[in-house]
Amino acid sequence: MKIALLPITVCVLLLLTGCIKTVGDRSMTDVARSERNLKQIGLAFIMWADGHNHQFPFNVSQAMGGTRELCHRDNDGFEENPVPVFMVMANELPNTRILVCPNDKTKKAAAVFASLTTNNISYKLRTGTNVSPDHPTEILAVDPINNLALHCDGSVVTYDLHKTH
């Protein structure tokens, strides 16, 4: 009986000491998973750029394997339809699950990249000529649920969504 109570006791102690934290109804584990997703997405962009004259897909013409002609930014500079960008990067991305924030209950991962739609992407992608490896501190993508920003150099930081970008 004492052995069965040990895991419960350990969890209670961890909660009391603050080792497991929650942010509202979001666990820190899910925030960390979202941060890891963004870092993997950033790495995929960097790897793709290495093979394409150090440019991200939205800055490369379709004739050269990019998506420049398919991109349309909204008033805030975010891509209205990031699907083509992620599809051309399918070889660099480990799977479609990393495109969905763990705290986003409105999105589900696509089974495969061929069936990817905007309903399978939680993160907001910024596009434009200034969003490139040449501008490492420019914001490449944001997680609006967890207030995280992915920079062009692959780093992820907490981001104030109310700030101008």
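What follows draws every value from the coordinates through simple rules; no lab data is involved. No experiment lies behind these values; they were computed from the predicted model shown. Backbone-built Cβ (ideal geometry, glycine too); neighbour counts: all protein chains shown.
Side notes on the structure shown:
- Think of each Lys and Arg Cβ as +1 and each Asp and Glu Cβ as -1; about the Cα centre, that makes the dipole of the stretch 29-158 roughly 420 debye.
- Sorted on the mean count of surrounding Cβ atoms within 10 Å across their residues, most packed first, peptides 123-134, 139-150 read 139-150, 123-134.
- Over the C-alpha atoms of the stretch 29-158, the Rg to Rh ratio, Rh being the Kirkwood estimate, stands at 0.92.
- Computed lengthening from T106 to A63, 0.36 nm per intervening residue step minus Cα-Cα distance: 12.0 nm
- Candidate cross-link partners of K105 among the aspartates and glutamates, defined by an alpha-carbon separation under 18 Å and a same-chain spacing of 8 or more, comprise D25, D30, E35, D143.
- The local environment of I98, defined by Cβ-Cβ distances under 10 Å, has a net charge of +4 under the rule Lys, Arg +1 and Asp, Glu -1.
- Burial ordering of M47, M89, M64, fewest other beta-carbon atoms within 10 Å first: M64, M47, M89
- The ranking of C101, C71 by Cβ neighbour count inside 10 Å, starting from the fewest, reads C71, C101.
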